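Peer 1: Dumping the structure here so I can ask a few things about it.
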Amino acid sequence: MNIIAIDIGNTNIAIGLFLEGKEEFIESFPGPPGAEWTNGLESAWEKIPLVEGSKENKRDGVIVASSVKPAWTEEIQRIAKDRLDEEILVIGKDIPLPMSVWVDEPEKVGTDRIVSAAAAYAVVKDAVVVADFGTAVTIDLVDHNGVFLGGVICPGFEISAKALRDNTAQLPNIKVTKPDAPYGKNTIDAINCGLYFSIVGALQEIIRRYAEELGRWPQTIITGSGAKTIQTDCDFIDNFVPNLVVKGIVLAYQKHIEAKIV
């Protein structure tokens, strides 16, 4: 099974190539759409082998995407059609969600949250928390039966820093990093400490409250571009898994194919 999995986020997209189920590479490209997107998709597609005996040079693979940004979805679909003459299958539209979702409006939950939760549960096989540190921070809970129960959404580091800059007279915009001390001796360090420890504290408190609901402390997996920043400061985190959404897209497609065979 050869798959190109595309995670379309609010700021970047990630393109992953999986040949016979094995990860070959995952690369991230910034938005908005441009030549990098086209080159990245074409480069991945060219590595997929041709269908044996195909006279039309048909490649033996599919392209599957999860998206939280419809305009970018349309653009990557246009690129695939124009440059590759291929359709992109979209999670939640062409491909069913890979797990049960017990929330008020399942269709409004970002498919990135659900596929990453499914990927985590597929490994843990038990209650698990998945925290994704991207443009927004999502902290979601899956119960021991593999049901997505919902979660929380917080502003990510960049959004929080920008909000302080835009809504104050003198505070600068900063890039959040791991602080050297728990308090800052200048404005930049004080903002950095505030934003950093706010997220760390929120993550721990939210997981604690999830644990009270479950009756035990769940395993916790973090992912996303901002996850590395806090990884070493959180002894309550079990694993850091880069590109968990991309892996979840592959899982969703595999489960879809298996269900069709049965």
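Peer 1: Rounded to the nearest 500 deg cm²/dmol, what is the calculated helix-only ellipticity per residue at 222 nm for the chain, with -39500 (n - 2.57) per DSSP H run of length n ≥ 4?
Peer 2: -12000 deg cm²/dmol
Peer 1: Given charges of +1 on the Cβ of Lys and Arg and -1 on the Cβ of Asp and Glu, with all other atoms neutral, how large is the dipole of the chain about its Cα centre, in debye to the nearest 20?
Peer 2: Charge dipole of the chain: 300 debye, to the nearest 20.
Peer 1: Rank the residues His144, His256 as a footprinting-exposure proxy: fewest other Cβ atoms within 10 Å of their Cβ go first.
Peer 2: Lowest count first: His144, His256.
Peer 1: Also, quick follow-up: Could you point to the label whose value was computed as Cα extents along the principal axes in Å for the structure here, given [x] 68, 44, 31; [y] 57, 43, 36; [z] 86, 45, 32?
Peer 2: Correct label, based on the coordinates given: [x].
Peer 1: Additional query: Using the charge dipole of the chain (Lys, Arg: +1 at Cβ; Asp, Glu: -1 at Cβ; taken about the Cα centre), state which of Tyr183, Leu17, Phe133 has its Cα farthest towards the positive end.
Peer 2: Working it through, the farthest residue towards the positive pole turns out to be Tyr183.
Peer 1: Which ³J(HN,Hα) values, rounded to whole Hz and listed in residue order, are derived for the range 47-56 from phi using the Karplus coefficients 6.51, -1.76 and 1.60 in 6.51 cos²θ - 1.76 cosθ + 1.60 with θ = phi - 60°, glycine and proline given as x?
Peer 2: 8, 7, x, 6, 5, 4, x, 6, 7, 9
Peer 1: Determine the relative contact order of the chain: mean sequence separation of Cα pairs under 8 Å and six or more apart, normalised by residue count, in whole percent.
Peer 2: 18 percent
Peer 1: OK, next. Using a Gaussian network model of the chain with C-alpha springs under 10 Å, which one of Asn167, Asn243, Asn192 is most mobile by mean-square fluctuation?
Peer 2: In this elastic network of the chain, the residue with the biggest mean-square fluctuation among Asn167, Asn243, Asn192 is Asn167.
Peer 1: Kindly provide the chymotrypsin sites (Phe, Trp or Tyr not before Pro) of the range 172-225 that DSSP labels as loop, not H, G, I, E or B, and whose Cβ sees at most 11 other Cβ atoms within 10 Å.
Peer 2: When the chymotrypsin sites (Phe, Trp or Tyr not before Pro) of the range 172-225 are filtered for loop state and at most 11 Cβ neighbours within 10 Å, Tyr183 remain.
Peer 1: I would also like to ask the following. In percent, how large is the relative contact order of the range 1-110, given Cα pairs closer than 8 Å and 6 or more residues apart?
Peer 2: This gives 24 percent for the range 1-110.
Peer 1: I would also like to ask the following. Taking the Cα centre as origin and putting +1 on Lys and Arg beta-carbons and -1 on Asp and Glu beta-carbons, what dipole magnitude results for the range 223-262, to the nearest 20 debye?
Peer 2: 300 debye
Peer 1: Moving on. When only DSSP loop residues count, what GluC sites (Glu not before Pro) in the range 38-111 have their Cβ near at most 11 other Cβ atoms within 10 Å?
Peer 2: Glu52, Glu56
Peer 1: Among Ile76, Ile88, Ile188, whose mean-square fluctuation peaks in a Gaussian network model of the chain (Cα, cutoff 10 Å)?
Peer 2: Between Ile76, Ile88, Ile188, it is Ile188 that shows the largest mean-square fluctuation.
Peer 1: I would also like to ask the following. Only loop residues by DSSP count here, and only those with at most 16 other Cβ atoms within 10 Å; note down the trypsin sites (Lys or Arg not before Pro) in the range 29-75 that meet that.
Peer 2: Those satisfying the criteria are Lys47, Lys55, Lys58.
Peer 1: In whole Hz and in residue order, list the ³J(HN,Hα) couplings for the range 187-192 that follow from phi through the Karplus curve 6.51 cos²θ - 1.76 cosθ + 1.60, θ = phi - 60°; x for Gly and Pro.
Peer 2: Ordered by residue, 3J(HN,Hα) equals 4, 4, 5, 5, 5, 4 Hz.
Peer 1: When only Cα pairs under 8 Å and 6 or more residues apart are kept, what is the percent relative contact order across the range 100-236?
Peer 2: 24 percent
Peer 1: Given Leu89, Leu214, Ala117, which one lies farthest toward the positive end of the charge dipole of the chain, if we put +1 on the Cβ of every Lys and Arg and -1 on the Cβ of every Asp and Glu?
Peer 2: Positive-end residue among those listed: Leu214.
Peer 1: From the phi of every residue in the range 150-160, what ³J(HN,Hα) in whole Hz does the Karplus formula 6.51 cos²θ - 1.76 cosθ + 1.60 yield, where θ is phi - 60° and glycine or proline is x?
Peer 2: Going residue by residue, I get x, x, 10, 10, 10, x, x, 4, 5, 4, 5 Hz, with x marking Gly and Pro.
Peer 1: Between their Cα atoms, which of Lys58/Lys255; Lys93/Lys260; Lys69/Lys247; Lys93/Lys247; Lys22/Lys47 are more than 21 Å away from each other?
Peer 2: Lys58/Lys255
Peer 1: Among Leu171, Gly201, Gly151, flag the residue with its Cα farthest along the positive direction of the charge dipole of the range 100-247, charges on Cβ as +1 for Lys/Arg and -1 for Asp/Glu.
Peer 2: Looking along the dipole axis, the top candidate is Leu171.
Peer 1: Might you report the magnitude of the Cβ-based charge dipole of the range 43-84 about its Cα centre, with Lys and Arg at +1 and Asp and Glu at -1, to the nearest 20 debye?
Peer 2: Roughly 40 debye for the range 43-84.
We did not get these values from a lab; they are worked out from the coordinates using the rules stated. Just so we're clear, the structure is a prediction, and the values are computed from it rather than from any experiment. Please note: Cβ atoms are built from the backbone with ideal geometry, for glycine as well, and neighbour counts cover all protein chains shown.
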